[in-house]
1. Roughly how far apart, in whole Å, are the Cα centres of region A:1-21 and region B:299-358?
2. So if I restrict to the alpha-carbon atoms in chain C, what is the Rg, and what is Dmax, the biggest pairwise distance, in Å?
3. I need B:362, B:61, A:168 ordered by Cβ neighbour count within 10 Å, fewest first.
4. What percent do you get for the relative contact order of chain C when only Cα pairs under 8 Å and 6+ apart count?
5. Just to be sure I understand: if I project the alpha-carbon convex hull of region B:393-505 onto a plane and average over all orientations, what area do I get in nm²?
6. Subtracting the Cα-Cα distance from 0.36 nm times the residue separation, let me have the gained length for residue B:324 to residue B:181 in nm, one decimal.
7. Give the relative contact order (percent, whole number) for region B:394-505; include only Cα pairs under 8 Å separated by 6+ residues.
8. Determine, for A:94, B:423, the number of other Cβ atoms within 10 Å of each Cβ, and report the residues in order from fewest to most.
């Protein structure tokens, strides 16, 4: 694979990654959001795969296949279970409305660019130049966790956060130490399991997945 | 097998019981009597007037459910000074019936809070009452001289949007006046009754068979519903009880009419949010249903099937065809409910609250979508086997859409349940009770409960009153439109889909 | 030859616009299982309108009288300054994408004023809605232009298209893809198509563009209709040439390349218009107050395209 076509494909993929991240902030359908999370994880997998093929690093390719299995299949499938199959599958109440959300997402991207500029300047290779994408995905995920009320969306945002960390790792380093990455994966996986269990537990107890209503229970 | 059907046949015919009562009262105690029955859980379903040589006889029909109770209160007013006390204080529906009577019969409701004309527009001559005066055509005045003042909403930035009475598309006449602030509707006024056809007077002097045919023309899309109501009112007067096969066939055709109209409405809702693909599928299904109607009764609109004590229907009901339509329908609903843009247009749009709907006396789909349990098939049945009842709570466009979906599903399984009774051979209808002067019927048409009341003397109809559910539902449309945006009106209007023709008799 | 090809380009747009509009209707009809009207129906309707007399609503002045003409003339000017069949049209080096935005707005505002001039509820309502959409389009279209300009170091249309032609590989970049998405949304909004506006509805209360011109009739309506369909074709032509300038003639000297340019344009525009119409079948119209959301999305696509141009440096072949 030539440097030119690698960079071109890499950029395209990281662009797609950013696009799907942004689209999650836009969509209201919970199942639509899960589909976008899958697409986002597939873009992440391709990111790893491309880097692996380019660097001829078998471990990296293996890792990206693990990512494909866990992040594009496993986690979204588990999250989809947390969505009530009958009843409200839509995120209609948001702390920040949709139009403002997508504008904030744009601002976050610009902010991420400014934030990472000194970092990129340290080692200005073409690949590291796309670090802002990873950082902005990270920030968007945080933004979603803060502003969304449905537990399913929060889980999605959390998974997104995880994907963003991996994306940053792919962009920053040539090869990821497998152990570190798998460790992080497992941590998050555990967290997701706990949250899902918690979610279905809360659903069965309160018949509602709205955090605002849970707050009332405490009082 | 035959045994069990016979057993059920017996149950169907024997289980129906209606408690009827009537009383005569004077103008002093009218308010008290009606208030008493309203408190007992009755609702005012119909008010009719009959001109007699010296007096005008006004009848208030109140109906109650569980058990099916029907009570008539009669009041005579003098012809030279026709006045009656207004019931506007206790019933909104009554206040509208009174305005209608004031226009058609010249009976003045005393202390009416809004004694304006309703049916007769400004250009009708002052002293000419369609139901009383001679057949001669009155001298109409020019509308420009009379004018029609709307209650104005003033304030900075508020503007008026007049729409109609002539609309783009195939719609009947109605004038809508929006008072909007930006795109938000502050108030909507609706002016109907542009085509007074004098239908109720046309019924006078007709034989029962003629009347049944004429009733098909009250509102074209409810041909069967209205003609069934007329048939049943006549049978009620003549004391005829119909055999099970006839009753079942009628129930099936009533559901068939409901299915094709509800499918059409669902398609129109999709079309009004610009989702023409959904409409294309729905139109296809509607056509299939109408062909099925045609194979059952030789008429796509189910016309010409009813007679006193009879119904003309083919023995073969194409249940496979109905199943095919039902499964295609489920596919359509799957598409519509999963479409996020369609959902966004439907949800939370034009909410009609349960309290408001109750106050207005709403009926049918509109009422049930707002959580009111009102369904003549359950409250005033003519068969002991009824459909599954369902209501929704929200009262927005989406629940009116979903209510139709649920009703189609219920209708399909109801038709399946009734189909076996079609094959039963039975004796023809018989006179079971002594004939009476008047007959009254309640039929759940696809829009809602239709009420007809007829009086028959020597086999000729002497008086008829028709109430389409739209009569009750029209006033609720402006209520639902308040604080809804102007470009959503066509969608909201379609979700109500009220009849102009059934309203303006 | 160069002026001849300019005239040829304008004529081509005028001729194919009604046909492309009808093609979209045909495709929608077919997709919904209907037969649909003939492709020539648009031309027939224009002919019918031209034969009709004119009625001016009471109290209208020059704004109403001139609006259709300004709308049509601005659209004709637009068809002259955008390289559609050939790159080096007379004056092409003078016009940049800001001209396009400005001229589009002149037409929209003229028509909006014409709508207000009738003093009817619908004219005012349509004008206010159309101008709201126009105002929301503005930032998105500027963002998309900005993104495209970075690539060519110029906002001149000729230079952008030329840069793409000479280096087609750079089109395959995320920033171009994002800018394309943003621009397509803008085109759909500007042309008043689903999900922003429904050109085929008869429900006057929901209309945007059609409400504004509800009082326009006869030959003036023909002008408005022709100009509207021309705007759609020109905008689609602009988008395809900004991103896929295949087949466009570089200079105006050879007859063969001009003919190739014409054929290529017709095919490309028909394909994209057909695609738009097909996608429309599966879309519903947005609630009026959700329109800003979509256009904000389009703005963000443009914005991301711009930022992406900075963090993903241009690959030079």
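Bear in mind these aren't lab numbers, they're just calculated from the coordinates by the rules spelled out. None of these values were measured; they are calculated from a predicted model. Here the Cβ positions follow ideal geometry from the backbone for every residue, glycine too, while neighbour counts run over all protein chains shown.
1. Here the two parts' Cα centres lie 50 Å apart.
2. Reported Rg and Dmax, both Å: 19.3, 64.
3. A:168, B:61, B:362
4. RCO, chain C: 29 percent.
5. 10.7
6. Values: separation 143, 0.36 × 143 = 51.48 nm, distance 4.77 nm.
So the chain would gain 46.7 nm between residue B:324 and residue B:181.
7. 20
8. B:423, A:94
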